[in-house]
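The values are calculated or read from the model by the stated rules, or taken from the named source; none is laboratory data. Computed from a predicted structure; not experimentally measured. Note that we place each Cβ from the backbone using ideal geometry, even for glycine, and neighbour counts take in every protein chain shown. What goes into the accessible areas is simple: the full protein's heavy atoms, side chains included, and nothing from ligands, DNA or RNA. Shrake-Rupley method; radii C 1.70, N 1.55, O 1.52, S 1.80 Å.
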Amino acid sequence: MKIDFHSHILPGIDDGARTLEESVELVTEMAGWGFDRITCTPHITRKFRNTTEVIREKFDILCNTLADKGLKIDLRMSAEYRLNPETWPEILEKGLLMLIEDKYILMEFPINDPSEMGYLKPMEEFGKVISMGLTPILPHPERYFHLSHDMLLRYVDAGVKIQSNYGSLAGIYGEAVRERARMYIDEGIVSFLATDMHNMLYINAISAWLQEGNRLWEM
Ligand SMILES: [Fe+2]
């Protein structure tokens, strides 16, 4: 089973696909790369206040559209939870987490400004999730220049799994991010790679990277 568990392909609810047509285009390309299962993980952040209901509505629309078009792909539903005081504590408190593969949770940091996390301490929040018997996944640490290498290793030691982006390796976010992703992989701390698919720029960059002889599902 070839799984991509990090994607922003639901239309119009975050900074990923804007229209249903774009969603279908992205899924078609990803199926062409060989993915059998894609988990939709729209952002839940201060800016994108997505609820389970909103995500389910868009998810059902995309599933039905793909079925109508005869595109066979196993679509799943979850979210990428940002550590924002405005969204994360309530989700945890009310038990609203949508799991990936029955046990994982994508927990992202603000990309540039860690002060957006307010009073939340990542290690504590990871600990809460772990104590629930779940496994936190920190997506694309190579993009967090505010995160020290030491702290990243402490998260890994605590039981957090690390996911890097194919797009980082393909150079979407620049050379420094590419180098950091490569370094984390070579150090053996990356457990998963995912597309973090947002739009056709990601498709084009990852396609070009594949044409250079790189392979999905291989580190
Ligand atoms: Fe993402």
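Structure values in brief
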read-out: Residues with amide H under 5 Å from that of C40, placed H, sequence gap 5 or more; value: R76, M77, S78
read-out: Within-13-Å neighbourhood charge of M123 [Cβ basis; K, R +1; D, E -1]; value: -1
read-out: Portion, in percent, of the accessible area of the chain that falls on carbon or sulfur, probe 1.4 Å; value: 49
read-out: Alpha-carbon centroid distance for the pair the range 43-76 / the range 110-159, whole angstrom; value: 26
read-out: Debye, to nearest 20: dipole size of the range 62-219, +1 on Lys, Arg Cβ, -1 on Asp, Glu Cβ; value: 300
read-out: Gain in span if fully extended, D150 to K94, counting 0.36 nm per residue against the direct Cα distance; value: 16.9 nm
read-out: Distance cut-off 12 Å, percentage of C-alpha pairs in the range 170-219 lying past it; value: 67
read-out: Packing-based ranking, highest mean first, of 136-144, 67-75, 124-132 given that Cβ atoms within 10 Å are counted; value: 136-144, 124-132, 67-75
read-out: Antiparallel bridges, percent of DSSP beta bridges restricted to the range 3-211 (to nearest 5); value: 5
read-out: Charge-dipole axis of the range 3-211 as Lys and Arg at +1 and Asp and Glu at -1 on Cβ define it, positive-most pick from P42, L120, I13; value: L120
read-out: Positive-end residue, the range 3-211 charge dipole about Cα centroid, Cβ charges, pick of M132, P85, L147; value: M132
read-out: Mean accessible surface per residue for the chain, computed with a 1.4 Å probe while every protein chain stays in place, in Å²; value: 46
read-out: Tail weight of P(r) past 26 Å, computed on alpha-carbon pairs of the range 102-219, percent; value: 21
read-out: Zone residues, the range 150-174, relative to E187, backbone N less than 16 Å from point 7 Å out along Cα-to-Cβ; value: 150-165
read-out: Square roots of 5 times each gyration tensor eigenvalue, C-alpha, the range 3-211, largest first, Å; value: 26, 21, 15
